[in-house]
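Contents: one structure, followed by commentary.
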Amino acid sequence: RHQYVNPAVLQASGRAPEDFLGKTVAEVGMPPELTGRWEMVLKAAFATGNEQKLECVSHGPNGPRHYESRIVPERHADGTVDTVLAITRDFTEHRNAEELLWLREQEFERLAENIPDLVARFDRDHRYVYVNAAVEKALGVSRHDMMGKTQRELGIPEELAAKFTDSLDLAIRSGDVHMIEFSMSTPQGERFLDAYHVPEGGTRHRVETVLCVARDITERRQKEVAQSRLAAIVNSTSDAIISKDLDGVIQTWNPGAARLFGYESGEVVGRPVTVLFPGE
């Protein structure tokens, strides 16, 4: 039977003290499904002398409220227990925040699992706490075997592991996004990637995890290399190589053209090609 209720109980229930004092949980009008659970934990607390816990939901005019209760036995000097103290906390907002966080995490995973980019999450000790399907495919390792391990423990080459370690540490210390470029051997051959390390804050106002999003830039790198090689050939040949648009305006002018025609590129690029030849 209730021997004491504090003002918070009265405010939450909208009742007077006489509605509780001297009455059991069943007599105060608690819903039947909760009455049985309360009676069970109260009996356990009296019988064992150990603290009990109970979570329950109360449906009121403003919607469901989530409560967490601690039932603490009050022992006498001789070890007997004839009263227990029930401390109840409303954690509805906390529960709602957890559900929202869970929903956002589910949305994140659905997105991460359906993009070609490599997505991984590292903790402060540089251990994998999440990888998407693209990471599994690129490394040829199942996510189950990656969880909780560092890149070094997975056999990633030391040079690459050190580069990642430095970037992750910088993101953790500074709280700023950091980007690196790297190459790695995969079952599909050598691939070139750039990776963004994005710090993620925790409840203690510090970086708790780092999200890594890496994009395969192999094709872009191959095009850059090809263009670089072509530029080297164009610039080193003694032949005059000139490009113009469909209107006949000069677009590029190599050193061979400068030697042949006597004009530097700045003098002719952007002018019609007819400047090089007599009108007829």
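Computed quantities for the displayed model
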quantity: Single residue of region 187-215 satisfying the filter (of a type in the set (S, T, N, Q) and exposed (fewer than 15 other Cβ atoms within 10 Å of the Cβ)) that is modelled with the highest pLDDT; calculated: 188
quantity: Those residues of region 233-249 which are assigned to a helix (DSSP H, G or I) and open to solvent by less than 60 Å² (accessible area, probe 1.4 Å), in sequence order; calculated: 234
quantity: Tally of residues being under 57 Å from the mean Cα position of the chain (by Cα), exposed (fewer than 15 other Cβ atoms within 10 Å of the Cβ) and closer than 16 Å to residue 235 by Cβ across region 250-280; calculated: 4
quantity: Residue 164 vs. criteria of a type in the set (Phe, Trp, Tyr), more than 15 Å from the chain's Cα centre (by Cα), open to solvent by less than 50 Å² (accessible area, probe 1.4 Å) and modelled with pLDDT under 85; calculated: no
quantity: Breaking point among (1) part of a strand (DSSP E or B); (2) farther than 30 Å from residue 93 by Cβ, for residue 27; calculated: (1)
quantity: Within region 122-142, considering residues that are touching a residue at least 40 places away in the same chain (Cβ under 8 Å), touching a helix residue (DSSP H, G or I) at 6+ places or on another chain (Cβ under 9 Å) and closer than 14 Å to residue 168 by Cβ, the one most open to solvent (accessible area, probe 1.4 Å); calculated: 124
quantity: Residue match in region 216-228 (condition: under 29 Å from residue 124 (Cα atoms) and either in contact with a Leu (Cβ under 9 Å, 6 or more places away or on another chain) or open to solvent by 50 Å² or more (accessible area, probe 1.4 Å) (or both)); calculated: yes
quantity: Filter result (modelled with pLDDT of 85 or more and open to solvent by 80 Å² or more (accessible area, probe 1.4 Å)) within region 22-36; calculated: 27
quantity: Selection count where residues are among the aromatic types (Phe, Trp, Tyr) and under 17 Å from residue 3 (Cα atoms), scope region 31-81; calculated: 2
quantity: Boolean, residue 44 is open to solvent by less than 70 Å² (accessible area, probe 1.4 Å) and part of a helix (DSSP H, G or I); calculated: yes
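The values are calculated or read from the model by the stated rules, or taken from the named source; none is laboratory data. Note that the structure is predicted; figures quoted are calculated from it, not measured. Note that each Cβ is placed from the backbone with ideal geometry, even for glycine, and that neighbours are counted across all protein chains shown. Just so you know, the surface numbers come from the protein's heavy atoms only, side chains and all, with ligands and any DNA or RNA stripped out. Shrake-Rupley method; radii C 1.70, N 1.55, O 1.52, S 1.80 Å.
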